[in-house]
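S.K.: Provided herewith is a single structure, encoded as C-alpha cells, for subsequent inquiry.
The values are calculated or read from the model by the stated rules, or taken from the named source; none is laboratory data. Since this is a predicted model, take the numbers as computed values, not measurements. Cβ sites come from the backbone with ideal geometry, for glycine too, and all protein chains shown count toward neighbours.
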C-alpha cells in the first residue's frame, strides 16, 4: 500500500481516468497524475538560488531560472503577485516602522530566496516554481546564523522553561536598559504611568543597534547588577529588521542574561520579532508597551481587586463578630450560672431544704420516742398485775432445773468414762505392760518390718521398764 502523500503507478484493475484496461496511461493522464503528486507534496516551498536567463516580456510577468552548483529550476513571477513596495518583510513578517520599502527586483546573477508553489506545465512537460514573494539571500544568511546560535544556546539550556524565574509582583524599583531617545522608552513610560501603585524607574542608556551595541548592553546589565538596587531588569527596543535587531541576537548578551541574578524582562521589537535575548530572558513581552503591562496591572484592576478584597474582608469581619457575639452570649449565660450570687442562692435553697428535712426528721423521731415512752409507761403500770404470774412461772422453771441437773451430770459422767476407756485402748505403751516391745531407729522412727533394717544398724528396743540398745547382725536373715 503506498505511503500517505505518494502515488502508485500500478493501480488495481478498476483503472483510472485516462488509463485503459491494460494499465497504460495516456500522456495527459500521466501528466495529471504527476501534477497531483507534485503539487500535493509541495504546496508551498522556499528555494534559494542564483537568477539566470531573466526575461521581462511586455505582459509584465518575469521568467527566470534559479540555479545552484548542480541543478536549475524554472520560475515565473506573475505581475499580479509582484509589488513595487513592501510594507513588511516577506521573509520574517516584520512590519517596517519607517514606511514601505522598495520590493525586490530580480537581476541576472543575483542570489534570491523565493517562496511559492510548484506547478507542472503540461504543454511542455516541465515543472516550475510560481513565485509569490522573494527576498535577497543576504537576509537568509542572517537567519542561518540566528538558527545556528539558537540551537547552540538551546543545547546549553539557556531557553529551558524550568530555569526561568517569575517577575516580581508590583515591583517598585525597575532598571530599564534602552536607548534613551527611542520611542520604545516613551511608550513604556506612558503605559507605566497609569499602572501599578507607583515605582521608581532608572534608565541605563545603551545603544540598541550596531556593532558596539552588544558589549554596551552587557555593560549596562552588569552595572545594574553591581548597583544591587533593582528588583527586575527590562530591555527595551522598538521594531526593525532582522539586521536592526541583531544586537539582541548576540551570544555575549544571551550569556549575560542567562547569568543574571535578577529576573530579566525582554520587550524587544514587535510580536513577530523573536531574538535570542527574548528566548533567554525570564519573560518576554510582545512590545515595549506590553512590557509595562506585564510588570504592573492597570490601576482600575487594582481598584476593582481592592473593592473585592474589601467586600470579602467586610463579610469575614461581620461573620467573625457574629460568632464572637454568640460566643460572648453563651459565656455570659455560663457565667451567670457560675456567679457567686447564683451559687449562694443555690446553697441557701439547699440549706433551707436541709432544715425542713431535719425538722421533719426530728418530728418523726420525737413522735417515735413518745410512742415508745408511752408503751413503756403502760408496761410499768401493768407490772404489779403481772408479778404474781411471773413468780409462779419462775418457780416452775426452777423446779424443772433442779430435776434436770443431776440427770444431766449422770449422763455426762457415763459418756466421760466411755471416752476414757477408748483413749486408754489407743495408748501405744499399754501393750508393753503385756510383754510387747517397740523397736525404734536412732532417729526415733518405728521399725514396722524385718526387711526395713540394714545390717549393723543400731536400734533401740523399748520395753515396759526402759530401752535396750541393739545392733543388727551382718548374717541376720
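S.K.: Restricting attention to the range 295-304, does a residue exist that is under 30 Å from residue 155 (Cβ atoms), outside any helix (DSSP H, G or I) and modelled with pLDDT under 90?
M.R.: No, the conditions are met nowhere in the range 295-304.
S.K.: Also, I was wondering about something else. Report every pair of residues separated by at least 6 positions or lying on different chains whose Cβ atoms are under 8 Å apart, first residue within the range 206-233 and free of Cβ contacts under 8 Å to residues at least 24 places away in the same chain and assigned by TED's automatic domain parsing to the domain that holds residue 184, second crowded, with 16+ Cβ neighbours inside 10 Å and assigned to a loop (DSSP other than H, G, I, E, B).
M.R.: What qualifies is 216/206; 216/207; 219/206.
S.K.: For the range 274-288, which positions are assigned to a helix (DSSP H, G or I) and within 31 Å of the chain's Cα centre (by Cα)?
M.R.: Result: 279, 280.
S.K.: So which of 291, 354 is touching a helix residue (DSSP H, G or I) at 6+ places or on another chain (Cβ under 7 Å) and either surrounded by 10 or more Cβ atoms within 10 Å (Cβ to Cβ) or in a helix (DSSP H, G or I) (or both)?
M.R.: Of the residues listed, the single one that is touching a helix residue (DSSP H, G or I) at 6+ places or on another chain (Cβ under 7 Å) and either surrounded by 10 or more Cβ atoms within 10 Å (Cβ to Cβ) or in a helix (DSSP H, G or I) (or both) is 291.
S.K.: Taking residue 196, is it at pLDDT below 95, surrounded by fewer than 21 Cβ atoms within 10 Å (Cβ to Cβ) and over 20 Å from residue 298 (Cα atoms)?
M.R.: no
S.K.: Okay, next question. Does at least one position in the range 254-267 carry a residue that is closer than 21 Å to residue 144 by Cβ, crowded, with 19+ Cβ neighbours inside 10 Å and in contact with a strand residue (DSSP E or B) (Cβ under 9 Å, 6 or more places away or on another chain)?
M.R.: So far as the range 254-267 goes, no, none of its residues is closer than 21 Å to residue 144 by Cβ, crowded, with 19+ Cβ neighbours inside 10 Å and in contact with a strand residue (DSSP E or B) (Cβ under 9 Å, 6 or more places away or on another chain).
S.K.: Of these, 250, 241, 259, which one is at negative phi, out of contact with any helix residue (DSSP H, G or I) (no Cβ under 7 Å at 6 or more places or on another chain), assigned by TED's automatic domain parsing to the domain that holds residue 201 and modelled with pLDDT under 95?
M.R.: One residue alone meets the criteria, 241.
S.K.: Sticking with this structure for a sec: Among (1) touching a helix residue (DSSP H, G or I) at 6+ places or on another chain (Cβ under 8 Å); (2) free of Cβ contacts under 8 Å to residues at least 60 places away in the same chain; (3) assigned to a strand (DSSP E or B), there is one condition residue 74 misses while meeting the rest; what is its number?
M.R.: Tallying (1) touching a helix residue (DSSP H, G or I) at 6+ places or on another chain (Cβ under 8 Å); (2) free of Cβ contacts under 8 Å to residues at least 60 places away in the same chain; (3) assigned to a strand (DSSP E or B), residue 74 fails exactly one: (1).
S.K.: Something else about it: Does the range 323-342 include one or more residues that are in contact (Cβ under 8 Å) with a residue 12 or more places away in the chain, surrounded by 10 or more Cβ atoms within 10 Å (Cβ to Cβ) and more than 30 Å from residue 197 (Cα to Cα)?
M.R.: no
S.K.: Identify, by number, the condition in (1) surrounded by 19 or more Cβ atoms within 10 Å (Cβ to Cβ); (2) out of contact with any strand residue (DSSP E or B) (no Cβ under 8 Å at 6 or more places or on another chain) that residue 233 doesn't meet.
M.R.: Among (1) surrounded by 19 or more Cβ atoms within 10 Å (Cβ to Cβ); (2) out of contact with any strand residue (DSSP E or B) (no Cβ under 8 Å at 6 or more places or on another chain), the lone unmet condition for residue 233 is (2).
S.K.: Let me ask something else. Taking the range 85-116 as the search range and keeping residues that are touching a helix residue (DSSP H, G or I) at 6+ places or on another chain (Cβ under 7 Å) and at pLDDT 70 or above, which one is farthest from residue 39 (Cα to Cα)?
M.R.: Result: 111.
S.K.: I'm told residue 297 meets every condition in (1) surrounded by fewer than 19 Cβ atoms within 10 Å (Cβ to Cβ); (2) more than 30 Å from the chain's Cα centre (by Cα) except one. Can you identify the failing condition by its number?
M.R.: Single failed check for residue 297: (2).
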